[in-house]
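Here the structure comes first, spelled out in structure tokens, and everything after it is commentary.
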Amino acid sequence: MSLTYNKAIELIQSKGRFYIDLSLDRVKKILNILGNIENKINIIHIAGTNGKGSVSATLAKILESAGYKTGLYTSPHLIDYSERIKINSVDISQQKLADYIDIIISIADKNNIHLTEFEILTVCAFKYFYDNKIDIAVIETGLGGRLDATNTAEHKLLSVITSISTDHTDKLGNSIEEIAYEKAGIINKNSNVIISNNNKGFEIISKKAKDCNSKLYTTNDIETFYDGKNNYIKYNNKTYEFSLLGLYQNKNISLVLKAVEFLNNNGFNITENALIKGLKTVKWPARLEFIKEYNLLSDGAHNPDAALELKKSLDFYFKDKKKIFIYSTINTKDYRKIAEILFNKDDLIYYYEFDYKYAVSFKEYSEKVNWLNNIHKINESEIINLLNDKNLKVLTGSLYMIGSFYKKIGKKDF
């Protein structure tokens with residue numbers, strides 16, 4: 001009898017959601033037993049501190065719009081683990097994911113291989129994509145790059161590295177150089193990599209590409225603009241509607257368009273119509289996502305650079321709007337620095353104590369960020385009532401919190 005979905009999730013969570021033992025040995029052993037399926041898939045690998053989810057989702061949507069059967073593997077999820085693994089924008093079913101988890105854990109146990117939660121899910125994604133004979137997979141790293149469980153394929157079609165900033169410093173290092181070194185670890189020998197010219201880790205990444213005899217494609221930011229209703233980009237003297245808000249998206253979309261250019265020069269056929277459709281229809285929830293029904297903007301800005309980009313975008317898109325912040329964070333984040341960037345001292349902030357093991361309590365937060373004058377604790381029932389307020393609500397600080405919030409309001413359309 002196969003595992004139920006709930007039992008499968010209990011099983012992988014018992015491996016420790018935040019248990020991280022950075023090494024590729026365990027994943028490679030499992031994949032070797034499975035016949036090295038990761039090397040039988042066309043893979044575009046995406047790493048970076050900020051923007052890798054937007055780049056992954058947009059590129060996958062364009063490929064899907066061009067008629068390619070496209071796999072997408074991202075993390076974390078907002079509500080359900082099945083969100084992480086998609087083919088042509090459709091989540092893997094809960095029962096199918098449970099079946100794959102059962103298969104992978106059984107193999108691991110039989111061969112005395114201890115896999116983490118993320119490693120199990122990564123192998124599930126590879127096997128699901130291989131079994132379904134996809135044309136191409138867009139794979140987002142979980143943490144870092146060099147020793148990330150996704151970094152096992154020997155011959156990737158393309159690697160893309162998004163913006164680099166300080167995050168997960170306990171695992172990746174305290175400097176931009178150290179973090180860039182880890183992200184650059186996704187570059188294979190004799191491969192292809194795309195990066196923006198203004199990436200903070202450019203020197204480290206370009207050196208890694210040179211050492212690997214890999215071709216480095218660089219790009220500059222692309223102009224984006226907003227007409228009060230829709231978001232647009234200008235590229236090759238043409239204007240395209242782009243569904244994702246955010247001033248920072250100019251960095252992300254430049255990487256996507258360079259990847260499209262690369263693919264078209266290497267055997268793919270992504271038409272102008274496919275590009276138009278993909279840019280217009282892509283969704284990436286909780287990243288400057290505006291929910292009109294509640295006059296609510298959600299963005300999982302969880303590190304200082306992401307907070308700065310959110311601040312810039314709020315000033316650009318909603319400059320004259322009164323804002324109410326709904327905020328929470330987890331204890332692995334530099335939330336004091338984030339507060340200095342994101343909040344003015346008199347901003348109205350409701351601190352949401354959501355049910356999560358690593359969530360920072362209101363007491364701890366208010367003590368450590370004690371210069372805020374107008375911050376209040378809010379519980380789950382009160383937060384639902386707050387949705388009726390006519391002012392713009394900004395939900396931010398933690399994707400885990402946003403997922404909890406979405407679950408409460410019954411949002412599932414992503």
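The values are calculated or read from the model by the stated rules, or taken from the named source; none is laboratory data. On a predicted model such as this, the values are computed, not experimentally measured, just so you know. Glycine also receives a Cβ, built like all others from the backbone with ideal geometry; neighbour counts cover every protein chain displayed.
I want to confirm something. Restricting to segment 157-172 and keeping residues that are part of a loop (DSSP other than H, G, I, E, B) and modelled with pLDDT of 95 or more, which single residue is surrounded by the fewest Cβ atoms within 10 Å (Cβ to Cβ)?
Filtering segment 157-172 for residues that are part of a loop (DSSP other than H, G, I, E, B) and modelled with pLDDT of 95 or more, the one surrounded by the fewest Cβ atoms within 10 Å (Cβ to Cβ) comes out as Leu157.
Is it the case that segment 249-261 has a residue that's part of a loop (DSSP other than H, G, I, E, B), touching a residue at least 24 places away in the same chain (Cβ under 8 Å) and not hydroxyl-bearing (Ser, Thr, Tyr)?
The first filter runs over segment 249-261 and keeps only residues part of a loop (DSSP other than H, G, I, E, B), leaving none.
So far as segment 249-261 goes, no, none of its residues is part of a loop (DSSP other than H, G, I, E, B), touching a residue at least 24 places away in the same chain (Cβ under 8 Å) and not hydroxyl-bearing (Ser, Thr, Tyr).
From the list Ala180, Ala98, Ala125, exactly one residue is outside any strand (DSSP E or B) and at pLDDT below 95. Which is it?
Ala180
Would a scan of segment 399-409 turn up a residue that is in contact with a strand residue (DSSP E or B) (Cβ under 8 Å, 6 or more places away or on another chain), assigned to a helix (DSSP H, G or I) and farther than 30 Å from Tyr232 by Cβ?
yes
Mind checking which residues of segment 215-270 are polar (S, T, N, Q) and surrounded by fewer than 19 Cβ atoms within 10 Å (Cβ to Cβ)?
Correct list: Thr218, Asn220, Asn230, Asn236, Asn237, Thr239, Ser243, Asn250, Asn264, Asn265, Asn266, Asn269.
Name the single residue, out of those in segment 137-152 being crowded, with 23+ Cβ neighbours inside 10 Å and of a type in the set (A, V, I, L, M, F, W, C), that is nearest to the chain's Cα centre (by Cα).
Among them, the one singled out is Ile139.
Assuming Thr74 fulfils every condition listed in (1) in contact with a helix residue (DSSP H, G or I) (Cβ under 7 Å, 6 or more places away or on another chain); (2) polar (S, T, N, Q); (3) surrounded by 23 or more Cβ atoms within 10 Å (Cβ to Cβ) apart from one, which condition is it?
(3)
Confirm whether Ala153 is among the small types (Gly, Ala, Ser), over 30 Å from Leu308 (Cβ atoms), in the same structural domain as Ala57 (by TED's automatic domain parsing) and outside any loop (DSSP other than H, G, I, E, B). Can you show your working first?
Values: among the small types (Gly, Ala, Ser): yes; over 30 Å from Leu308 (Cβ atoms): yes; in the same structural domain as Ala57 (by TED's automatic domain parsing): yes; outside any loop (DSSP other than H, G, I, E, B): no.
It is false that Ala153 is among the small types (Gly, Ala, Ser), over 30 Å from Leu308 (Cβ atoms), in the same structural domain as Ala57 (by TED's automatic domain parsing) and outside any loop (DSSP other than H, G, I, E, B).
Just to be sure, is Lys280 assigned to a helix (DSSP H, G or I) and surrounded by 14 or more Cβ atoms within 10 Å (Cβ to Cβ)?
It is true that Lys280 is assigned to a helix (DSSP H, G or I) and surrounded by 14 or more Cβ atoms within 10 Å (Cβ to Cβ).
Does Ser361 meet the test of being small (Gly, Ala, Ser) and under 24 Å from Lys251 (Cα atoms)? Spell out the reasoning first.
Numbers: small (Gly, Ala, Ser): yes; under 24 Å from Lys251 (Cα atoms): no.
No, not satisfied.
Just checking, which of Lys86, Lys29 is part of a helix (DSSP H, G or I), in the same structural domain as His155 (by TED's automatic domain parsing) and not aromatic (Phe, Trp, Tyr)?
Result: Lys29 is the single residue among Lys86, Lys29 that is part of a helix (DSSP H, G or I), in the same structural domain as His155 (by TED's automatic domain parsing) and not aromatic (Phe, Trp, Tyr).
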